[in-house]
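**Q** Before I ask anything, let me first share the structure, which is written out below as structure tokens.
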Amino acid sequence: MRILGIESSCDETGIAIYDTEKGLVANALFSQIALHAPYGGVVPEVASRDHLKKIIPLTHQALDEAGITLQDIHGIAYTAGPGLIGALFVGASFAKSLAFSLNIPSIAVHHMEAHLLAPFLEEKKPCYPFLALLVSGGHTMLILAHGFGRYECLGETMDDAAGEAFDKTAKMLGLPYPGGPHLSRLTSFPKQTHYTFPRPMTDRTGLDFSFSGLKTFALNTWKKSTQDEQAKIDIAHAFQEAVVDTFIIKIRRALQLTKVKHLLISGGVSANTALREKLGQLAQSQNLELFFPSLPFCTDNGAMVAYLGSEYLSRGIEDDHLKIEVHARWPLSEVKII
Ligand code: KG4
Ligand code: ZN
């Protein structure tokens, strides 16, 4: 079975084809970063209009890459939320019209479930049950995945998501949008002043997170600093160390609670080198199996959508053909439980 996957929830148009026998056979992506950069963040209307422009050429590109035609596609999966409503509508209406015209099934998928299962695109596939740290621009969650479609949220952020905190802190330091990778890149330069930032919510029990205070702490530190390039580097180090350390503390707790031996990270922030390294060390010291997506599948892409779609469609779960429904907000707990 070959599934076309369509991602258009934010500022990336992703079109991919997943073959249940051969794996990923095409992965086309257009990032709108340069379009939004002058505004310092995503402009929803600009995003929708560009998805509309790119969605058909990228579909042709993916079909060419796979060496197939539309007639060789057996189903279409698309991100139905959470995300920017206009951007989601572009992907959903394209996906549903195409599926209708080809008389094949379509399936609406949850963006965060797609991120969660992105490591299944790798050769070394995760095994259930696993503990997942799902960290993106809009979400921060610790999930105990019992099996496909059976996800238990153990903790989440009370305010800013990790990626959002990275982006806001980076913006405050005058770094370009999206700030996460730029801030992270600054940490490749040595620090001169060592700042200690708080590890939010680690002094109390529980597995929830809070990152908005960290951003304020960074702002106050910046105001009192020399406000030059070195100060940016020093703050980037302190901020990243605090975020990564907070994750490690909470993951240790969650591992103790759940006793699982498989750990997974995914979502845009899972591209962060320091986080990957620290998790690698934790996995080694606790004898855990660690799973994460390769870099192109950390941030938004169509491959994770196509893969997730294949999981649903191969179980016979599909959309009602004539209804187009997208959700700007959509709790992961509402995904279909099997
Ligand atoms: O998963 P994603 O592409 O989109 C959402 O679903 O939100 O995640 C994007 C987020 C952004 O906040 C971006 O700054 C962050 O992931 N990000 C990073 C890194 N690469 C991407 N944050 C820290 N370090 C990175 N290397
Ligand atoms: Zn995402």
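The values are calculated or read from the model by the stated rules, or taken from the named source; none is laboratory data. Remember, it's a predicted structure, so these values are computed and weren't measured experimentally. Neighbour counts run over all protein chains shown; Cβ positions are idealised from the backbone, glycine included. The area values use the complete protein model at the heavy-atom level, side chains included, leaving out ligands, DNA and RNA. Shrake-Rupley method; radii C 1.70, N 1.55, O 1.52, S 1.80 Å.
**Q** Does residue 204 qualify as being in a loop (DSSP other than H, G, I, E, B) and charged (D, E, K, R)?
**A** When the stated conditions are applied, residue 204 passes them.
**Q** Please go through (1) within 16 Å of ligand 2 (Cβ to nearest atom); (2) in contact with a Ser or Thr (Cβ under 7 Å, 6 or more places away or on another chain); (3) not hydrophobic (A, V, I, L, M, F, W, C) for residue 273 and return the number of the only condition it doesn't satisfy.
**A** The one condition residue 273 does not meet is (1).
**Q** Also, I was wondering about something else. What are the pairs with Cβ atoms under 8 angstrom where one residue, in region 257-285, is free of Cβ contacts under 8 Å to residues at least 24 places away in the same chain and the other, located anywhere, is open to solvent by 40 Å² or more (accessible area, probe 1.4 Å) and of a type outside the set (S, T, N, Q)? Sequence gap at least six, or different chains.
**A** 276/292; 283/289
**Q** So which of 189, 197 is part of a loop (DSSP other than H, G, I, E, B), open to solvent by less than 20 Å² (accessible area, probe 1.4 Å) and within 16 Å of ligand 1 (Cβ to nearest atom)?
**A** 197
**Q** Would you check if residue 174 is within 16 Å of ligand 2 (Cβ to nearest atom) and either modelled with pLDDT of 95 or more or open to solvent by less than 40 Å² (accessible area, probe 1.4 Å) (or both)?
**A** No: the conditions fail for residue 174.
**Q** Look at residue 250 and say whether it is charged (D, E, K, R) and more than 19 Å from residue 155 (Cβ to Cβ).
**A** For residue 250, the condition - charged (D, E, K, R) and more than 19 Å from residue 155 (Cβ to Cβ) - is not met.
**Q** Which residues, counting only those in region 137-152, are in contact with a Ser or Thr (Cβ under 8 Å, 6 or more places away or on another chain) and more than 16 Å from residue 249 (Cα to Cα)?
**A** Result: 139, 144, 151.
**Q** Filter region 101-121 down to residues that are in a loop (DSSP other than H, G, I, E, B) and free of Cβ contacts under 8 Å to residues at least 60 places away in the same chain and give me whichever is nearest to ligand 1 (Cβ to nearest atom).
**A** The extreme case among them is 104.
**Q** Kindly provide the set of residues from region 293-305 that are in contact (Cβ under 8 Å) with a residue 40 or more places away in the chain and surrounded by fewer than 24 Cβ atoms within 10 Å (Cβ to Cβ), ordered by number.
**A** Within region 293-305, 294, 296 meet the criteria.
**Q** Now for a separate question. Any residue at all in region 137-147 that's more than 16 Å from ligand 2 (Cβ to nearest atom), assigned by TED's automatic domain parsing to the domain that holds residue 263 and open to solvent by 50 Å² or more (accessible area, probe 1.4 Å)?
**A** yes
**Q** Considering only region 177-186, state which residues are hydroxyl-bearing (Ser, Thr, Tyr) and open to solvent by 30 Å² or more (accessible area, probe 1.4 Å).
**A** 177
**Q** Exactly one of (1) free of Cβ contacts under 8 Å to residues at least 60 places away in the same chain; (2) closer than 20 Å to residue 276 by Cα is unmet by residue 124. Its number?
**A** So the condition that residue 124 fails would be (1).
**Q** Filter region 247-270 for residues that are assigned to a strand (DSSP E or B), within 16 Å of ligand 1 (Cβ to nearest atom) and of a type in the set (A, V, I, L, M, F, W, C) and give the result.
**A** Once the filter is applied, which keeps residues that are assigned to a strand (DSSP E or B), within 16 Å of ligand 1 (Cβ to nearest atom) and of a type in the set (A, V, I, L, M, F, W, C), region 247-270 yields 264, 265.
**Q** Under the condition of being closer than 24 Å to residue 174 by Cα, outside any loop (DSSP other than H, G, I, E, B) and of a type in the set (Asp, Glu), which residue from region 207-246 is least open to solvent (accessible area, probe 1.4 Å)?
**A** Selected residue: 234.
**Q** For the condition without any contact (Cβ under 8 Å) to a residue 60 or more places away in the chain, open to solvent by 20 Å² or more (accessible area, probe 1.4 Å) and either in the same structural domain as residue 142 (by TED's automatic domain parsing) or hydrophobic (A, V, I, L, M, F, W, C) (or both), what is the one hit in 29, 63, 52, 84?
**A** 52
**Q** Could I ask something else about it? In region 66-81, how many residues are open to solvent by 70 Å² or more (accessible area, probe 1.4 Å) and without any contact (Cβ under 8 Å) to a residue 60 or more places away in the chain?
**A** 2
**Q** Sticking with this one: Every residue in region 271-311 that is assigned to a helix (DSSP H, G or I) and of a type in the set (Gly, Ala, Ser), please.
**A** 271, 274, 280, 283, 285, 303, 306, 309, 310
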